[in-house]
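The values are calculated or read from the model by the stated rules, or taken from the named source; none is laboratory data. Note that the structure is predicted; figures quoted are calculated from it, not measured. We place every Cβ from the backbone using ideal geometry, glycine too, and count neighbours over all the protein chains shown.
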Amino acid sequence: MLRQVAFSGLHPMPTPKQITFVVAVNKRDVLENNFLASPCLRTPHPHQIILQEGYSSAAKAYNEAIDRSVNDLIIFIHQDMILPEPWLSQLWAALDLLEREDPNWGVLGCGGTARDGSGRGHLYSLGVGMLGEPFERPAEVRVLDEIVLMLRKSSGLRFDAALPHFHLYGTDICLRAESLGKKNYVIPAFSVHNTHYGLILPNEFYQCCRHIRRVWHDSLPVQTPCIRITKFNVPIYGRRMLEFYLRYIRRKKLSSKRADDVPALIEAVSIKGNKA
């Protein structure tokens with residue numbers, strides 16, 4: 001059964017600086033301890049929050065949320081993301097700059113890869129550490145990490161409803177924007193991903209890879225934040241062989257747990273971020 005929840009702060013009517021946040025939720029405790037506990041979202045706030053539960057894929061959940069959004073700016077965000085206190089002001093500054101320099105932008109995010117395959121962004125990911133360094137201006141990328149995706153309802157962009165599961169929808173929506181002549185950007189808004197980090201990707205991920213490879217065959221190769229997808233599939237075969245080696249030969253520890261003490265995590269990461 002699909003479950004939809006929408007709520008906001010004291011001001012339900014949209015203004016130019018109101019946002020609709022959309023979260024696909026499968027663990028309420030993770031949502032409440034991370035995204036809903038974000039310092040930049042202390043209540044009361046004027047933003048709409050749509051929680052999507054029980055969907056078979058992110059694309060279906062997100063397309064339905066686009067229809068329900070009361071605001072033009074929509075942010076699709078993982079339930080285990082934490083947005084620090086300065087995050088919204090950093091977002092507004094990036095949007096103001098893009099309005100002057102590229103008002104036809106497609107999709108924005110907090111991490112991604114450029115056309116040459118190099119990473120862009122500045123964030124902290126549990127199990128990985130600090131990624132990137134502070135930067136001042138939106139940086140153009142080809143595709144974005146799904147942790148945070150932003151688009152405008154008025155752009156007409158939609159997720160591929162045929163894309164299964166909850167992987168690579170960021171790659172798909174960015175390639176859709178690119179096909180319309182729009183550029184995608186990482187913005188300088190530092191964030192924290194309190195993720196359950198794992199070295200082994202699920203079978204559903206590779207099903208999504210096959211879908212992207214089929215739909216976007218003429219746009220390949222594309223370097224996603226976690227794997228390179230090519231017409232001949234060689235990197236994916238290599239990744240699966242590595243996973244087999246790690247799981248059955250090295251018997252390496254394959255995952256890390258989320259931090260339970262989120263305030264302590266935010267404080268520790270803030271110190272590291274200020275030193276970066």
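Against the test of being modelled with pLDDT under 95, acidic (Asp, Glu) and more than 16 Å from the chain's Cα centre (by Cα), the options GLU178, GLU133 yield a single qualifying residue, GLU133.
If you go through segment 192-227 and pick out every residue that is within 21 Å of LEU123 (Cβ to Cβ) and of a type outside the set (A, V, I, L, M, F, W, C), you end up with 9. Note on segment 44-153: enclosed strands (runs of 3 or more DSSP E) holding 3 or more residues that are more than 30 Å from ASP260 (Cα to Cα) and in contact with a strand residue (DSSP E or B) (Cβ under 7 Å, 6 or more places away or on another chain) are 139-141.
When LEU220, LEU168 are checked against the criterion of being without any contact (Cβ under 8 Å) to a residue 60 or more places away in the chain, farther than 21 Å from SER56 by Cα and among the hydrophobic types (A, V, I, L, M, F, W, C), a single residue qualifies: LEU220.
Which condition from (1) touching a residue at least 60 places away in the same chain (Cβ under 8 Å); (2) on the phi > 0 side of the Ramachandran plot is the one that ARG158 breaks? For ARG158, the failing item is (2).
Do we have any residue at all in segment 233-247 that's more than 19 Å from VAL128 (Cα to Cα), in a loop (DSSP other than H, G, I, E, B) and at pLDDT below 95? Scanning segment 233-247, I find at least one residue that is more than 19 Å from VAL128 (Cα to Cα), in a loop (DSSP other than H, G, I, E, B) and at pLDDT below 95, so the answer is yes.
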